[in-house]
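Report on one structure; see the data block that follows.
The values are calculated or read from the model by the stated rules, or taken from the named source; none is laboratory data. Computed from a prediction, not measured in an experiment: that's the story for all the values here. Note that each Cβ is placed from the backbone with ideal geometry, even for glycine, and that neighbours are counted across all protein chains shown. Protein only, heavy atoms only, side chains kept; ligands, DNA and RNA dropped before computing areas. Shrake-Rupley method; radii C 1.70, N 1.55, O 1.52, S 1.80 Å.
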Amino acid sequence: MKSSSQAVPLMAILMLVLLVSPSSVAAITCGDVLRNISPCVSYLISGSGMPPPPCCAGAKALAASCTTTADRQTACGCIKTASKSLNVKPALAKALPGNCQINLGFTVDPNIDCSTIS
């Protein structure tokens, strides 16, 4: 059972990210992105080694949803905002796509300029 102390920050992040509007029209929303990566939150904050299978399943679903430039830019912005707010381990975030054997079309990095993603 998840503790309420983990649920509160995640809900706050969900609300914050839902308020961020993408600069271009995308089929994917921050809500979609966060639903997909929510199984990764604990791992990205305090984990080590390989990500758990539910995390990789969510990351794969996210990668499959990012079919356009607008989708990738939106996903990037959502992940960037959430990762900064949650204080995730940058090395784990950067390694996640490779460890889950996916290609998001961008690097998971808190300093990335999402507008440059094509």
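Per-residue answers, yes or no, for (1) in contact with a Pro (Cβ under 9 Å, 6 or more places away or on another chain); (2) within 21 Å of Pro110 (Cβ to Cβ); (3) open to solvent by less than 50 Å² (accessible area, probe 1.4 Å):
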| residue | (1), (2), (3) |
| --- | --- |
| Ala57 | yes, no, no |
| Ala63 | yes, yes, yes |
| Cys76 | no, yes, yes |
| Thr81 | no, yes, yes |
| Lys84 | yes, yes, no |
| Lys89 | no, yes, no |
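Checking each residue of segment 48-55 against the condition of being open to solvent by less than 30 Å² (accessible area, probe 1.4 Å) and out of contact with any Phe, Trp or Tyr (no Cβ under 7 Å at 6 or more places or on another chain) gives no match. Could you name every one of the helices (runs of 4 or more DSSP H) located completely within segment 53-111 that has at least 1 residues being within 14 Å of Val33 (Cα to Cα) and among the aliphatic types (A, V, I, L, M)? Qualifying helices (runs of 4 or more DSSP H): 53-65, 69-86. Does segment 99-113 contain at least one residue that is more than 16 Å from Thr29 (Cβ to Cβ) and charged (D, E, K, R)? Yes, segment 99-113 has at least one match.
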